[in-house]
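> Before I ask anything, let me first share the structure, which is written out below as structure tokens.
The values are calculated or read from the model by the stated rules, or taken from the named source; none is laboratory data. Computed from a prediction, not measured in an experiment: that's the story for all the values here. As a convention, Cβ positions derive from the backbone with ideal geometry for all residues, glycine included, and neighbour counts pool all protein chains shown. When the accessible area is computed, the model is the full protein with side chains, heavy atoms only, and any ligands, DNA or RNA have been set aside. Shrake-Rupley method; radii C 1.70, N 1.55, O 1.52, S 1.80 Å.
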Amino acid sequence: MFENLFEPLRLKWAAYSRRDQRSLLALMVALLLAILIFGITLPVLKANKQLNKDLENAQGVYRELLSLAPQALGNSREDPTFDTGSLNSEVRRQAARFGVDIQRFEPDGTLLKVWLEDVRYPAVIQWLGGLTALGIGHTELTLEDRPKSGFVSVRVTLGTLN
């Protein structure tokens with residue numbers, strides 16, 4: 001079956017001189033090596049380097065979250081200093097304290113809807129923990145992962161805890 005397929009190639013190969021056959025073999029080996037190096041090895045090495053970089057970044061975020069765990073668990077509402085009449089200003093003050101940049105906020109009766117874009121996840125956890133310690137809780141919370149590791153976009157509805 002395959003004899004008919006390869007017969008024209010075999011005849012063409014036999015028509016070349018011995019020197020041309022060796023040159024073609026050397027060219028095919030060089031082409032095969034180029035495909036292996038530039039088509040397989042280099043892309044795999046590049047992907048490996050990027051994955052290692054992503055892993056280091058994720059480990060940094062993990063270490064940062066571990067360092068925040070005692071603080072987050074230690075927050076209590078025994079003596080809240082929050083004034084219910086200034087929800088908006090207290091949310092902004094806490095955001096500035098923890099380095100969280102509020103993109104947009106919208107009052108909704110006694111609640112406050114807040115949008116954050118491309119914020120470090122540990123900073124969001126600290127910010128929410130600080131608000132909880134003041135007697136401000138969230139009724140709705142949506143976190144969206146961002147392409148950059150360790151960053152999120154947040155949609156949260158905040159209100160006073162009863």
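> Scanning the chain for helices, which whole DSSP H stretches are 30 Å or more long along the axis (Cα) and average -0.5 or more by Kyte-Doolittle?
Numbers: long enough: 42-74 (49 Å, -0.24).
Passing helices, by number: 42-74.
> Separate question: Please give, to one decimal in nm, the separation of the simple spin-label points placed at residue 146 and residue 4, each 7 Å out from Cα toward the Cβ.
In this crude spin-label approximation the distance works out to 6.4 nm.
> Express in Å², to the nearest 10, the accessible area of residue 56 obtained by rolling a 1.4 Å probe over the protein heavy atoms while all chains stay in place.
Counting only protein heavy atoms, residue 56 exposes about 130 Å² to solvent.
> Then there's this: Taking every pair of distinct Cα atoms and averaging 1/r, then inverting, what Kirkwood hydrodynamic radius in Å comes out for the chain?
With all distinct Cα pairs of the chain included, I get 20.9 Å.
> Sketch the reach of a paramagnetic label on residue 42 as a point 7 Å from Cα along Cα-to-Cβ, and name the residues of the range 16-36 whose backbone nitrogen lies under 11 Å away.
Only 34-36 fall inside the zone, counting backbone N under 11 Å.
> Non-local amide H neighbours of residue 113 (under 5 Å, H modeled in plane, Pro and chain starts lacking H): which ones?
Under 5 Å from the amide H of residue 113 lie the amide H atoms of 106, 108, 158, each far enough along the sequence or on another chain.
> Quantify, in whole percent, the carbon and sulfur part of the accessible surface of the chain (1.4 Å probe; protein heavy atoms only).
59 percent
> Same structure, new question: Less than 26 Å apart at the alpha-carbon level, and either on another chain or at least 8 residues along: which lysines does that give for residue 148?
Residue 148 reaches 46, 49, 53, 113.
> On a full-extension model of 0.36 nm per residue, what is the gain between residue 93 and residue 54, subtracting their alpha-carbon distance, rounded to one decimal in nm?
Using 0.36 nm per residue and subtracting the Cα-Cα distance, I get 10.8 nm.
> Kindly give Rg over Rh for the range 1-52, based on alpha-carbon atoms, with the Kirkwood expression for the hydrodynamic radius.
That ratio equals 1.28.
> If I model a spin label as a point 7 Å beyond the Cα along the Cα-Cβ vector, how far apart are those points for residue 102 and residue 34 in nm?
6.1 nm
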